[in-house]
Amino acid sequence: MTTAVTNPRHGGEEEGAARSASLRGGGRAAGGRTAVVARARQVVKAYGSGETRVVALDSVDVDIARGQFTAIMGPSGSGKSTLMHCLAGLDTVTSGEIFLDDTEITRLKDKKLTQLRRDRIGFIFQAFNLLPTLNAIENITLPMDIAGRKPDAEWLRRVVDTVGLSDRLKHRPNQLSGGQQQRVAVARALAARPEIIFGDEPTGNLDSRAGAEVLGFLRTSVDELGQTIVMVTHDPVAASYADRVLYLADGRIVDEMERPTADAVLDRMKDFDARGRTS
Ligand SMILES: Nc1ncnc2c1ncn2[C@@H]1O[C@H](COP(=O)(O)OP(=O)(O)OP(=O)(O)O)[C@@H](O)[C@H]1O
Ligand SMILES: [Mg+2]
C-alpha cells in the first residue's frame, strides 16, 4: 500500500475545539436540525438461521454527526457494509432502530423507504455505476431527473467546480479516467444535497493518486458545502481524511478515533491484529 499522500485536512486546535463544542452542544444545532443526522440503536442484523446463522451486527449503537466525515474500518466480514446498508435503508434490520433525523427508517414501508433514499440519501459505490450512454452532466443530474426534481443551477455549478469537472461535462464515462468517473459519481451524490452520503470503499478501485483526488473532494464537500459523509474503507490513508474513525470487529463497534492520522490508524490496526491473534 502506498501511503505517500499526506492529508492536508487537519486544521488547528481551535477548529477541533469548535467542532467538539458543537457536537457537545445538546441535540440540536442552529436552524432546529439535529446535530446528529443518523442514529443506530441496538441494531442487530442476522443472516440465515440455525447452524448457518451469522450475526453481522451485534447490538450496535452509533451516532453520525451532521457535517462530519466518518470512516468505518474493520477486518473483512466485521460488518462494515452491513452497517452502512442498514444506516442507509438499503437493508432491513433484525431488531433495533435506525433514525435519519427524526424519521425512524426501520419503521418505514418499502415505498416510503425508497422515497426517503431517493430524496435524502446519496450513495457512492466502489464500482462507479455510471450510465455509459449518458455524458457526465447527464449522469450527475439523472437521479434528480428521475425524481422529477429540478437541480438548483447555482448549486450544481458549485458541485461541478468543487469536484473539478467543469471541462469534462460533455464526456461520456468511457472518455473519462477512473478517477474522473468517480468524481462524476461524487458530484451525482452531492447534486441533490442529500442529508447524508454513504460510500462503500469509494476509492477501492482507484490508484492512490486518483483516490487521493476523490478523497480530497469528499473532504472539501464536508468543509465547504457542509456535507455529511460516512465511508467504509480498508485504507488508513483514506481514513485519515475523515474526522472520526469507527472500528468494527465481529459486528460490534470496538473503538473509535477522532482526528485520525494515517500512522495512528495503521498503529491501531496492528494493535487489533495482535490482539486478534492472542485471543
Ligand atoms: N446476504 C448475506 N447472507 C449471509 N451472510 C451475509 C450476507 N451479507 C453479509 N453476510 C455476512 O455478514 C458478515 C458481515 O458482512 P459484511 O459484508 O458487512 O462485512 P464487511 O466488513 O463489509 O467485509 P468486507 O471488508 O470484506 O467488505 C460476514 O460474516 C458475511 O459473511
Ligand atoms: Mg464490505
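The values are calculated or read from the model by the stated rules, or taken from the named source; none is laboratory data. Given the structure is predicted, the values throughout are model-derived calculations rather than measurements. Every residue, glycine among them, receives a Cβ derived from its backbone with ideal geometry; neighbour counts consider all protein chains shown. Accessible surface areas use protein heavy atoms only, side chains included; no ligands, DNA or RNA. Shrake-Rupley method; radii C 1.70, N 1.55, O 1.52, S 1.80 Å.
Electrostatic tally near V184: other residues with Cβ closer than 11 Å to its Cβ, Lys and Arg +1, Asp and Glu -1, net +3.
How large is the dipole of the chain about the Cα centre if only Lys and Arg carry +1 and Asp and Glu carry -1, each at its Cβ, rounded to the nearest 20 debye? Mind showing how you got there, number by number?
Working: 37 positive and 37 negative charges, 158 e Å.
The dipole magnitude comes to about 760 debye.
Model label sites at A127 and N205, defined 7 Å from Cα along the beta-carbon direction, differ in position by 0.7 nm.
For segment 121-142, the residues whose amide N sits under 13 Å from a probe point set 7 Å from the Cα of H171 along the beta carbon direction are 135-137. Annotation: aspartates and glutamates with alpha-carbon distance below 17 angstrom to K112 (same-chain offsets under eight excluded): D91, E97, D101, D102, E104, E195.
Work out the length of the dipole vector of segment 163-213 about its Cα centre, built from +1 on the beta-carbon of each Lys and Arg and -1 on the beta-carbon of each Asp and Glu, and round it to the nearest 20 debye.
Working: 7 positive and 6 negative charges, 65 e Å.
Magnitude of the dipole: close to 320 debye.
Stretched out straight at 0.36 nm per residue, the stretch from D223 to A147 would grow longer than its current Cα-Cα span by 24.6 nm. Excluding ligands, DNA and RNA, the accessible surface per residue across segment 218-279 is 45 Å² with a 1.4 Å probe. The solvent-accessible area of M269, taken with every protein chain present and a 1.4 Å probe, is close to 60 Å².
Of the residues T233, T103, T261, ranked by 1.4 Å probe accessible area with the largest first, the sequence reads T261, T103, T233.
Taking the average, over residues, of other Cβ atoms within 10 Å as the packing measure, peptides 138-148, 35-45, 178-188 rank 178-188, 35-45, 138-148 from highest down. Each of V93, A147, V163 was scored by the projection of its Cα onto the charge dipole of segment 74-207, and the greatest displacement toward the positive side belongs to A147; charges sit on the C-beta of Lys, Arg, Asp and Glu. Each 10 Å bin, from zero up to the one with the longest distance, holds this percent of the alpha carbon pairs of the chain: 6, 28, 36, 23, 6, 0. When you restrict to C-alpha pairs under 8 Å that are six or more residues apart and normalise by the size of the chain, the relative contact order lands at 24 percent. Modelled this way, with points 7 Å down the Cα-to-C-beta line, the labels at Q42 and D110 are 2.9 nm from one another.
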